[in-house]
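Take a look at the structure set out below.
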Amino acid sequence: MAQPESNTMAEKTSSGKESPKAPNLVRMVIIGALLATALIWGGKSIYHSFLYVETDNAQIVGDIYPVISRVPGKVQEVLASDNQNINKGDILIRLESADYEVRRDIAAAALQNARASVSAAGATASAAAATERKLSADLQRNRSLKRQDVISQAEFDAVKAGAESSSAQFAATASLHSAAKAQVKLKEAELRNAELQLSYTTITAPASGHIAKKGVQPGQYVAPGQQLIALVGSNALWIVANFKETQLDKIAPGLPVTIRVDAYPGIEFKGKVESLSSGTGAQFALLPPDNASGNFVKVTQRIPVKIIFTEKPDKNHPLSTGMNVVVEVKIK
């Protein structure tokens, strides 16, 4: 005899195979967990926003020294290599120096000749001075004799003419002596310049740091002012963070900063705000905006903020200029 249909439905429900309560309960638990997670995360984010001002528009910056040639010449030797650590004053490049050595030797010979000319002019001036003194004395004696009518007017005129000629000759030799001394000064300057030009054939490091870019090879001809090597200084690295202008009212020098470098996930560095720029980044662009000359479009500007490290990064996490970072300034 068949059982009633109601009994069959009850059995299925009691067995739990087709009951909708269990799936609904799991669904509600998952939704509740997600909502709780979202509330916790949102609450933490809101709380964090009250304590910190953050931007990912930031990079590590350092001093970059251009290594240039001050004289033209052919590269004889390159002693620097890519990524090399160097100290200030280390020799990086040598240019061929034969031409500059010849110029130095010519300048040295010219100086020696000028000094000899000074000696000769000095001797001539001394002789002219002695002659001038003697003839001046003769003129004084003959002037007395003329008053006594001991000598004739013609004899007196001859003595006077000789004394005047001697005085003029002495003045001329003294001028030549002074000119010869001036020539010595000029030749000394030319020798110093030649020695200076010769010294420029040895190019040294302007600061301690690392070779970041080397664009010179032996045999290459270089011109004055041409950049040959880019040297990144090792004394200090800092961060330039470009905050929105709407965030600046909360940022001030001295505030602590948490720094996260993209290259080292999970690692935090400590720093502080050192200074704020007096101009927006757009003002220093190649073509700065001129809102008065066209249609005005208001765009939130970025202000560069300089951040320095308060703790020196360890050797296991070396930093380089240009690295992207995320900074958080603690404002409360």
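Miscellaneous remarks
- Flag for Ile229 being among the β-branched types (Val, Ile, Thr), crowded, with 16+ Cβ neighbours inside 10 Å, closer than 17 Å to Ile86 by Cα and touching a strand residue (DSSP E or B) at 6+ places or on another chain (Cβ under 9 Å): yes
- Filter pass, Ala292 being farther than 22 Å from Gly62 by Cβ, modelled with pLDDT of 85 or more and either in a loop (DSSP other than H, G, I, E, B) or of a type outside the set (Phe, Trp, Tyr) (or both): no
- Boolean, Thr246 is over 29 Å from His210 (Cβ atoms), modelled with pLDDT of 85 or more and among the hydroxyl-bearing types (Ser, Thr, Tyr): yes
- Residue count for segment 65-87, restricted to those that are surrounded by fewer than 18 Cβ atoms within 10 Å (Cβ to Cβ) and either polar (S, T, N, Q) or on the phi > 0 side of the Ramachandran plot (or both): 6.
- Yes/no for Ile106 being of a type in the set (Val, Ile, Thr) and over 30 Å from Gln183 (Cα atoms): no
- Residue in segment 88-101 that is of a type in the set (D, E, K, R), at pLDDT 90 or above, surrounded by 12 or more Cβ atoms within 10 Å (Cβ to Cβ) and in a helix (DSSP H, G or I) present: yes
- Unique match (being out of contact with any Lys or Arg (no Cβ under 9 Å at 6 or more places or on another chain) and touching a residue at least 40 places away in the same chain (Cβ under 8 Å)) among Ala285, Ala252, Ala230, Ala263: Ala263
- Residue within segment 308-322 that is basic (Lys, Arg), surrounded by 15 or more Cβ atoms within 10 Å (Cβ to Cβ) and out of contact with any helix residue (DSSP H, G or I) (no Cβ under 8 Å at 6 or more places or on another chain) present: no
- Every pair of residues 6+ apart whose Cβ atoms lie under 6 Å, when the first sits in segment 73-93 and is touching a residue at least 60 places away in the same chain (Cβ under 8 Å) while the second is among the acidic types (Asp, Glu) and surrounded by 13 or more Cβ atoms within 10 Å (Cβ to Cβ): Gly73/Glu96; Lys74/Glu96; Gln76/Glu96
- A single entry from Ala189, Ala174 fulfils the requirement of being assigned by TED's automatic domain parsing to the domain that holds Lys134 and under 34 Å from the mean Cα position of the chain (by Cα): Ala189.
Let's see how each residue does on (1) loosely packed, with under 15 Cβ neighbours inside 10 Å; (2) at pLDDT 95 or above; (3) within 30 Å of Ala130 (Cα to Cα):
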| site | (1), (2), (3) |
| --- | --- |
| Leu196 | yes, yes, no |
| Thr201 | no, yes, no |
| Lys214 | no, no, no |
| Gly233 | no, no, no |
| Pro265 | yes, no, no |
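The values are calculated or read from the model by the stated rules, or taken from the named source; none is laboratory data. A quick note: this is a predicted structure, and the numbers were derived from the prediction, not measured. Heads up, the Cβs are rebuilt from the backbone with ideal geometry, glycines too, and the neighbour counts pull from every protein chain shown.
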